[in-house]
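To start, the structure itself, in structure tokens.
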Amino acid sequence: MSTQRKYFGTDGVRGPYGSDVMNEAFAWRLGFAAAKYARENGAAAGAAVIIGRDTRASGESLERALAGGLAAAGLRPVSGGVVPTPAISLAVREEQAALGVVITASHNPAGDNGIKFFGPAGIKLTDEQELRIERLLPAEAGQPLAERVAGFGAHVLYTTKAAALLPAGALRGWKIVLDTANGATCVTSRSVLEQLGAELGLIGNHPDGRNINAEVGSQHPEKMAAAVRATGARLGIAHDGDGDRCILCDELGEVLDGDEMLTLLAVHALKQRKLAKNLLVITVQSNLGVDAAVTAAGGRVTRTPVGDRYVIERMLADGAMLGGESSGHVICAEVSPTGDGLVAALKVIEVMLATGQPLSVLRQGLKKFPQITAALTVREKKPLETLPTLPGVIRSVEASLGAQGRVLVRYSGTEAKLRLLVEGPTDEVVRSSLERLVAAVRADLEVLKG
């Protein structure tokens, strides 16, 4: 039996709004199938499904359609409103809901949208569970709900729990630049940081349904970094559109990625003898310097395929409590079983408070190997192993790097892109290696602009 999913990618179903897989009819069908799946797995008739969304203009109509499908299959949709993705994970756990759903395309442009699911434990569904939902999709859609579904205070639950991670008033005297990407964290992250006493400089805090991620947020940290330098802030925090990741910058305005945050957190926890299993879980995308730093501190690292779901699955299997991705997904499992940008930032701040050291010093624990990446937009995702040129070039580059580097070539699970990564001993070596790979891709695939 095939386990290849047709609609789900690395983080739910995603695509341009109005496309074959991101429209009201498909949302209704997906809601119906998800409810059928939940009923198969013990959910009672009328059990709650908590729905959250980001600030995209298409979110409300997709929510009504999805809610219609859920209701038609016997479950009770409940709206959590505009909240970050981890708030829905928390709400599902606290309210013992049958499912959680978030309508978001994360860091993608405003014209895209997506739908992702959480199981009763607040954990994203596995590949096999998503495949089962696909097989339960009805052939036709029914009617969206005519009225809005009942509300639920997911944002209050989330902000209360997040604010409790640091002592009351812990950030008095701290100036922080906060970029909320015109997305789902505009209210929640600001509320928590201000409750803790921080003075905030705000960027990307005026969502209009069309400007989510538009030259702001974790994909565009330049404005945050410039604002930190201009205002003398202690640090900067930039979220993506749905708030399950963050990128930081130090007091000098230098940007930190997820690898640097994870290394900082892991090394500090190892020094305190508090890193569960002495283990950090990362993906194949992370820099080899992470392994070196954690190993030198007495810990160990294990890697998974790209996607925070796979990190979480490995963490659960191995008993790890810390893991994440270089993109800024950080999972602190003692707080939340999913990526949470605000929690990640608060945990880094906790280390700053405990050590009395600025972020520019703490980040020095990671010495990155020279690395270069590229993302090529392609017309068609042809299986890599069937391409005439690229596989041979990959093998050749890997042979030339030997034990001093690595190559990673993969299709994005959420966009029509082929992602390339090369690490090696020098900048010149990795640059020339990447150029060889890009040339091979262009020989085999139609590469589009943008």
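The values are calculated or read from the model by the stated rules, or taken from the named source; none is laboratory data. Nothing here was measured: the structure is a model prediction, and the numbers come from that model. Virtual Cβ from ideal backbone geometry, glycine too; neighbours counted across all protein chains shown.
One residue alone among THR304, THR295 is buried (at least 18 other Cβ atoms within 10 Å of the Cβ), more than 26 Å from CYS249 (Cβ to Cβ) and either hydrophobic (A, V, I, L, M, F, W, C) or at pLDDT 95 or above (or both), and that residue is THR304.
Any residue at all in the stretch 430-438 that is outside the structural domain of ALA105 (by TED's automatic domain parsing), surrounded by 14 or more Cβ atoms within 10 Å (Cβ to Cβ) and closer than 21 Å to ARG14 by Cα? Among the residues of the stretch 430-438, not one is outside the structural domain of ALA105 (by TED's automatic domain parsing), surrounded by 14 or more Cβ atoms within 10 Å (Cβ to Cβ) and closer than 21 Å to ARG14 by Cα, which makes the answer no. Filtering LEU387, LEU359 for residues that are surrounded by 15 or more Cβ atoms within 10 Å (Cβ to Cβ), more than 30 Å from ARG234 (Cβ to Cβ) and touching a helix residue (DSSP H, G or I) at 6+ places or on another chain (Cβ under 7 Å) leaves a single hit, LEU387. Just one of the listed residues (ALA57, ALA44) is under 27 Å from HIS329 (Cα atoms), modelled with pLDDT of 95 or more and surrounded by fewer than 19 Cβ atoms within 10 Å (Cβ to Cβ), and it is ALA57. Within the set LYS382, LYS347, LYS367, the sole residue that is basic (Lys, Arg) and buried (at least 20 other Cβ atoms within 10 Å of the Cβ) turns out to be LYS347.
Here are THR355, THR304, THR338: which of them is β-branched (Val, Ile, Thr), touching a Phe, Trp or Tyr at 6+ places or on another chain (Cβ under 9 Å) and farther than 30 Å from ALA403 by Cα? Show your work before the answer.
Values: THR355 fails: touching a Phe, Trp or Tyr at 6+ places or on another chain (Cβ under 9 Å); THR304 fails: farther than 30 Å from ALA403 by Cα.
It is THR338.
Please count how many residues of the stretch 122-143 are in a loop (DSSP other than H, G, I, E, B) and either at pLDDT below 95 or in contact with a strand residue (DSSP E or B) (Cβ under 9 Å, 6 or more places away or on another chain) (or both).
Step one: list which residues in the stretch 122-143 are in a loop (DSSP other than H, G, I, E, B), which gives 122-123, 125-126, 136-143.
If we keep only those that are either at pLDDT below 95 or in contact with a strand residue (DSSP E or B) (Cβ under 9 Å, 6 or more places away or on another chain) (or both) too, we end up with 122, 125-126, 139-143.
Within the stretch 122-143, residues that are in a loop (DSSP other than H, G, I, E, B) and either at pLDDT below 95 or in contact with a strand residue (DSSP E or B) (Cβ under 9 Å, 6 or more places away or on another chain) (or both) number 8.
Just so you know, in the stretch 434-450 the residues that are among the small types (Gly, Ala, Ser) and closer than 16 Å to LYS382 by Cα include one that is farthest from the chain's Cα centre (by Cα), and it is ALA443.
May I ask you to list the residues in the stretch 232-291 that are among the polar types (S, T, N, Q), in contact (Cβ under 8 Å) with a residue 24 or more places away in the chain and assigned to a helix (DSSP H, G or I)?
Step one: of the stretch 232-291, the residues among the polar types (S, T, N, Q) are 263, 272, 278, 283, 285-287.
Then keep just the ones that are in contact (Cβ under 8 Å) with a residue 24 or more places away in the chain; that gives 263, 283, 285-287.
Of everything in the stretch 232-291, just one residue is among the polar types (S, T, N, Q), in contact (Cβ under 8 Å) with a residue 24 or more places away in the chain and assigned to a helix (DSSP H, G or I), namely THR263.
Take the conditions (1) under 30 Å from ALA230 (Cβ atoms); (2) of a type in the set (A, V, I, L, M, F, W, C); (3) part of a helix (DSSP H, G or I); (4) touching a helix residue (DSSP H, G or I) at 6+ places or on another chain (Cβ under 7 Å); LEU193 misses just one of them, which is (4). Residue pairs whose Cβ atoms lie under 6 Å apart, separated by 6 or more positions or on different chains, with the first residue in the stretch 292-303 and more than 15 Å from PHE369 (Cα to Cα) and the second of a type in the set (A, V, I, L, M, F, W, C) and modelled with pLDDT under 95, are ARG303/VAL284.
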